Amino acid sequence: MSECSCGHGEEVNVEFPKELVSFINEWKVKQGSLIMILHKTQESFGFIPRAAAEQIALMTGIPLARIYGVITFYHFFKTTKPGKNKVSVCLGTACYLKGGGDLIEEARSVLNIKPDEVTEDGLFSVEEVRCVGCCGLAPVMTVGGETYGKLTKKQLPEIFEKYKARG
Amino acid sequence: MSKLNTDALNKLRDGASGEFRNKKGYTHYILTCGGTACQSNKGVEIYEGLIAEAKKQGVGDKVQVIKTGCFGFCERGPIVKVLPDNSFYVDVKPEDAEEIISSQVKGGKEVDRLFYKNPDGSPVQKAAAHGDLPPIGFYQKQQRVVLRNCGIINPEVIEEYIANQGYIALQKSLFEWKPDDIINELKTSGLRGRGGAGFPTWMKWDATKKVANDIKYVVCNADEGDPGAYMDRSTIEGDPHSVIEAMTICGRAIGASQGFVYIRAEYPLAVHRLELALAQAKDYGLLGNDILGSGFNFDIEIRLGAGAFVCGEETALLRSLEGGRGMPTPKPPFPAVAGLWGKPTCINNVETLANIPAILVRGGAWFASMGTEKSKGTKVFALTGKINNSGLVEVPMGTTLREIIFEIGGGIKNGKKFKGVQTGGPSGGILTEKVLDTPIDYESLTQMGSMMGSGGMIVMDEDDCVVDVARFYMDFCVDESCGKCSPCRIGTTQILKILEKITHGNGDEADLIKLETIGKAMQKASLCALGGTAANPTLSTIRNFREEYMEHIHDHKCRAGKCKSLLSFTILEDKCKGCGMCAKNCPAACITGEKKKPYTIDQSKCVKCGECFKNCKFDAVVRA
């Protein structure tokens, strides 16, 4: 693929696993199934590479422009590859009041990355998320699906070390 | 499982009723909270630990360990309840599993140290029966209708739901009542939509029923994008069948044969339990073709949302269900006339639906006996923020904010002063001390400048800055506006810019007038409720906390210390003992000094994180 600054230029090998292909074939005949297909695709790759969106367009007959219209409308869909351990800091109201904003700054500073960046070793990326619904445990952060509640900034380095050790 | 007819369902219920679990020859049943919050707080280890300990101590065949839905008392989770003793244990840790098994199951002695203790230290007596709420301050004024089965049954086992009056309402709806009877019962109950606006539920059903069309749809709104609200998630996690049963009844009442649950993808546990419940209901013939041999067909599919707050708005939700961008469309036509794919569609929120089986079993009059004149029944609130007992709270409509915050919620954390309470999330407003004694219902909250919304209730104390909170909500709305109509797209952005200016200390008094003008224009001219209510937090804080806006504008001061641009930290020479704790904890390395001599802060490098302020033991660091 040629040089491009749109952020989607990165060459990705998107061979659709069998399960994904059969999911798409099963769902494409149903009305309004695009979002379900995109969920399944993101589950496979961790994000939705452009090449995958192109392939979905071919398989379903939905124009690529419409697919991108949907991908970019919803927060859940990502067009860039996240770190192996996705760090999600909750910025729901309860978490915000109890210092969620400081946590996200601190997490990025400890890992030395900016928004939408991945650490050099590819292990971490940090994103803010809307309410994970554990308001009683505020402030909350999840790492690769594991939840850490009533969190303080000081606990962050130790938590990240745990995931670094796992590689 | 084979498909049931109505007699077989009755038999199953009778066989299972009462002490259903005792049929299996167990002596003890241990219920562990299986809600998202408790599960992520080592709840899974506790559940697995109890099973492993029971086996290890040789009583594996006497104890059944069950994961239930949310007990509501999230602050003191994970919660574990042991039957038949009714022992209600709080703050349980995985290492407590051994003692629960050895002491209680084998020795017949409860584990006293795990009981909840009143603030004065006295232990709490237990509830008389399983199903009764424990006599803890947190539960005193609560009444559980929506959450009636949460913490009581295992949501992954359909028989437990059936044993607790499950699917009786469906049987009545199929065999005893005509569609109009169902709708009339809802009319008697006075149930109004719990998604926020409070539209009478029976009217919605009736309107959809009256439109003639071969194809109609029932949609359950389980999107819950409101930050600080999780009652819908907890309801589905703890009692998915109540939602399925209600949707099926709705299908019968309005003449639909297909339902959809539109649910947040961010709620994996709720999605999983709903999938399980749907499969079990289908196996028993409670969903699908010829339900219970009645000839009525109805099926339900799950569709995932993808993280857009605006999709909580019903027309936007339908566009998303159709597979497109979730942008609202003008009403009329209302979904009842032209909804999903142009067909008549009845959309109800999770909490609204969960009420319905209980109403139809116990009668509309029973439901109408709870609540206020115009708002009947109960309301579930997610009580969070700077509160001692945060959790899920269900109270009769008409309970006052003071009762919820100070009696159920146990007051403000760390003895701080109450500042305000935000109800209705980004669509609501911050209410003050002055209105705490107003009985709350749809109308009173709107009158006070807030709204019921989905039921988030976030308590703020003196350390929270209302201008910053207004900015936080507007930042959210800018992000979540779909951009279709200009009052919302442009209005939210402009309000955010002005609020940022004020929090940076660059505002002037004319800005307040601008905020009010833009806010009122948005209320009148926006296409949907997101735009129409987005200015509420800003307008309500200007009205209720005007003096704090003035302090930001004129004195460049943030009394709560939240607006960083307005802050500075200095060390008082005469109070500093030179211990160096401030310098040690400073992440910007901008504090210097020699031991036993006063330290100083380099203001040009200070990042205003407040670590020095927090760590000084001699009150030598001051925040201004």
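Taking segment B:498-538, which residues are open to solvent by 70 Å² or more (accessible area, probe 1.4 Å) and either farther than 21 Å from B:LEU566 by Cα or in a helix (DSSP H, G or I) (or both)?
Selection gives B:LYS501, B:GLU509, B:ILE513, B:LYS514, B:THR517, B:LYS520, B:GLN523, B:LYS524.
Residue under question is B:GLU433, and the condition is that it be of a type in the set (D, E, K, R) and touching a residue at least 60 places away in the same chain (Cβ under 8 Å); does it hold? Let's see the steps before the verdict.
Details: of a type in the set (D, E, K, R): yes; touching a residue at least 60 places away in the same chain (Cβ under 8 Å): no.
For B:GLU433, the condition - of a type in the set (D, E, K, R) and touching a residue at least 60 places away in the same chain (Cβ under 8 Å) - is not met.
In the list B:SER450, B:SER444, B:SER481, B:SER427, which residue meets the criterion of being small (Gly, Ala, Ser), outside the structural domain of B:GLY225 (by the TED database), touching a strand residue (DSSP E or B) at 6+ places or on another chain (Cβ under 9 Å) and surrounded by 18 or more Cβ atoms within 10 Å (Cβ to Cβ)?
From the options B:SER450, B:SER444, B:SER481, B:SER427, the qualifying one is B:SER450.
Consider A:GLU106 carefully, then state whether it is assigned to a strand (DSSP E or B) and under 20 Å from the mean Cα position of the chain (by Cα). Let's see the steps before the verdict.
On the way: assigned to a strand (DSSP E or B): no; under 20 Å from the mean Cα position of the chain (by Cα): yes.
It is false that A:GLU106 is assigned to a strand (DSSP E or B) and under 20 Å from the mean Cα position of the chain (by Cα).
What number of residues in segment A:53-76 are part of a helix (DSSP H, G or I), out of contact with any Gly (no Cβ under 8 Å at 6 or more places or on another chain) and not aliphatic (A, V, I, L, M)?
Quick first cut of segment A:53-76, residues part of a helix (DSSP H, G or I) only: A:53-60, A:64-73.
The next check asks that each one be out of contact with any Gly (no Cβ under 8 Å at 6 or more places or on another chain); those that pass are A:53-60, A:64-65, A:67-68, A:71-72.
The next check asks that each one be not aliphatic (A, V, I, L, M); those that pass are A:54-55, A:60, A:68, A:72.
Qualifying residue count, segment A:53-76: 5.
Where the second residue is outside any loop (DSSP other than H, G, I, E, B) and acidic (Asp, Glu) and the first is within 11 Å of chain B (Cβ to nearest Cβ) and at negative phi and lies in segment A:73-85, which pairs have Cβ atoms under 9 Å and are six or more apart or on separate chains?
Close Cβ pairs (under 9 Å, with a partner that is outside any loop (DSSP other than H, G, I, E, B) and acidic (Asp, Glu)) amount to A:HIS75/B:ASP479; A:HIS75/B:GLU480; A:LYS78/A:GLU127.
Has segment B:272-280 got at least one residue that is open to solvent by less than 40 Å² (accessible area, probe 1.4 Å) and within 29 Å of B:TYR442 (Cβ to Cβ)? Please lay out each step first, then the result.
We begin by selecting, within segment B:272-280, every residue open to solvent by less than 40 Å² (accessible area, probe 1.4 Å); these are B:273-274, B:277-278, B:280.
Imposing the further condition that a residue be within 29 Å of B:TYR442 (Cβ to Cβ) reduces the set to B:274.
Scanning segment B:272-280, I find at least one residue that is open to solvent by less than 40 Å² (accessible area, probe 1.4 Å) and within 29 Å of B:TYR442 (Cβ to Cβ), so the answer is yes.
Run down B:ALA52, B:ALA8 and say which single residue is over 19 Å from B:GLY391 (Cβ atoms), open to solvent by 50 Å² or more (accessible area, probe 1.4 Å) and either of a type in the set (A, V, I, L, M) or within 14 Å of chain A (Cβ to nearest Cβ) (or both). Steps first, please.
Numbers: B:ALA8 fails: open to solvent by 50 Å² or more (accessible area, probe 1.4 Å).
Within the list B:ALA52, B:ALA8, the selection yields B:ALA52.
Yes or no: segment B:64-77 includes at least one residue that is touching a strand residue (DSSP E or B) at 6+ places or on another chain (Cβ under 7 Å), assigned to a helix (DSSP H, G or I) and acidic (Asp, Glu).
Among the residues of segment B:64-77, at least one is touching a strand residue (DSSP E or B) at 6+ places or on another chain (Cβ under 7 Å), assigned to a helix (DSSP H, G or I) and acidic (Asp, Glu), which makes the answer yes.
Mind checking which residues of segment B:322-358 are under 23 Å from the mean Cα position of the chain (by Cα) and either within 14 Å of chain A (Cβ to nearest Cβ) or more than 17 Å from B:VAL218 (Cβ to Cβ) (or both)?
In the first step, residues of segment B:322-358 are kept if they are under 23 Å from the mean Cα position of the chain (by Cα); the result is B:326, B:346-358.
Passing the criteria: B:GLY326, B:VAL350, B:ALA358.
What residue, among those in segment B:330-378 that are without any contact (Cβ under 8 Å) to a residue 40 or more places away in the chain, charged (D, E, K, R) and more than 30 Å from B:ASP214 (Cα to Cα), is least open to solvent (accessible area, probe 1.4 Å)?
B:ARG362
Give the residue, chosen from A:GLU43, A:GLU54, A:GLU26, A:GLU106, that is within 12 Å of another protein chain (Cβ to nearest Cβ) and either surrounded by fewer than 16 Cβ atoms within 10 Å (Cβ to Cβ) or without any contact (Cβ under 8 Å) to a residue 24 or more places away in the chain (or both).
Values: A:GLU54 fails: within 12 Å of another protein chain (Cβ to nearest Cβ); A:GLU26 fails: within 12 Å of another protein chain (Cβ to nearest Cβ); A:GLU106 fails: either surrounded by fewer than 16 Cβ atoms within 10 Å (Cβ to Cβ) or without any contact (Cβ under 8 Å) to a residue 24 or more places away in the chain (or both).
It is A:GLU43.
Just the residues that are farther than 22 Å from B:HIS272 by Cα, in contact with a Gly (Cβ under 6 Å, 6 or more places away or on another chain) and open to solvent by 10 Å² or more (accessible area, probe 1.4 Å), please, taken from segment B:310-329.
Looking only at segment B:310-329, we keep the residues that are farther than 22 Å from B:HIS272 by Cα, and these are B:310, B:313-316, B:318-319, B:322, B:324-329.
Then keep just the ones that are in contact with a Gly (Cβ under 6 Å, 6 or more places away or on another chain); that gives B:310, B:316, B:318-319, B:322, B:325.
Result: B:ARG319, B:GLU322, B:ARG325.
Cβ-Cβ under 7 Å, sequence separation 6+ or interchain: first residue in segment B:108-132 and part of a loop (DSSP other than H, G, I, E, B), partner open to solvent by 80 Å² or more (accessible area, probe 1.4 Å). Which pairs?
If the second residue must be open to solvent by 80 Å² or more (accessible area, probe 1.4 Å), the pairs left are B:VAL124/B:LYS117.
Looking at segment B:270-315 only, could you name the residues that are at the interface with chain A (Cβ under 10 Å from one of its Cβ atoms) and among the aliphatic types (A, V, I, L, M)? Let's see the steps before the verdict.
First pass over segment B:270-315, keeping only residues at the interface with chain A (Cβ under 10 Å from one of its Cβ atoms): B:270, B:301-311.
Those that are at the interface with chain A (Cβ under 10 Å from one of its Cβ atoms) and among the aliphatic types (A, V, I, L, M): B:ALA270, B:ILE302, B:LEU304, B:ALA306, B:ALA308, B:VAL310.
Please count how many residues of segment B:379-402 are open to solvent by 40 Å² or more (accessible area, probe 1.4 Å) and away from chain A (no Cβ under 14 Å).
Going through segment B:379-402 one residue at a time, the tally reaches 1.
Just one of the numbered conditions (1) open to solvent by less than 50 Å² (accessible area, probe 1.4 Å); (2) under 24 Å from B:VAL421 (Cα atoms); (3) free of Cβ contacts under 8 Å to residues at least 60 places away in the same chain is not true of B:ASP464; which one?
That leaves (3) as the condition not met.
With B:GLU611, B:GLU547, B:GLU573, B:GLU551 as the choices, which residue is at negative phi, more than 14 Å from every other protein chain (Cβ to nearest Cβ) and either of a type in the set (Gly, Ala, Ser) or open to solvent by less than 70 Å² (accessible area, probe 1.4 Å) (or both)? Give the derivation first.
Numbers: B:GLU611 fails: more than 14 Å from every other protein chain (Cβ to nearest Cβ); B:GLU547 fails: either of a type in the set (Gly, Ala, Ser) or open to solvent by less than 70 Å² (accessible area, probe 1.4 Å) (or both); B:GLU573 fails: either of a type in the set (Gly, Ala, Ser) or open to solvent by less than 70 Å² (accessible area, probe 1.4 Å) (or both).
The match here is B:GLU551.
Inside segment B:595-624, can you point out the residues that are of a type in the set (Val, Ile, Thr) and modelled with pLDDT of 90 or more? Step through it out loud before you land on a result.
So in segment B:595-624, the residues of a type in the set (Val, Ile, Thr) come out as B:600-601, B:607, B:621-622.
Across segment B:595-624, the qualifying residues are B:THR600, B:ILE601, B:VAL621.
The values are calculated or read from the model by the stated rules, or taken from the named source; none is laboratory data. The structure presented is a predicted model; accordingly, all values stated were derived computationally and were not measured. Neighbour counts are summed over all protein chains in view; Cβ atoms, including those assigned to glycine, are modelled from backbone coordinates with ideal geometry. To get the accessible areas, we keep the full protein, side chains included, count just its heavy atoms, and leave off ligands, DNA and RNA. Shrake-Rupley method; radii C 1.70, N 1.55, O 1.52, S 1.80 Å.
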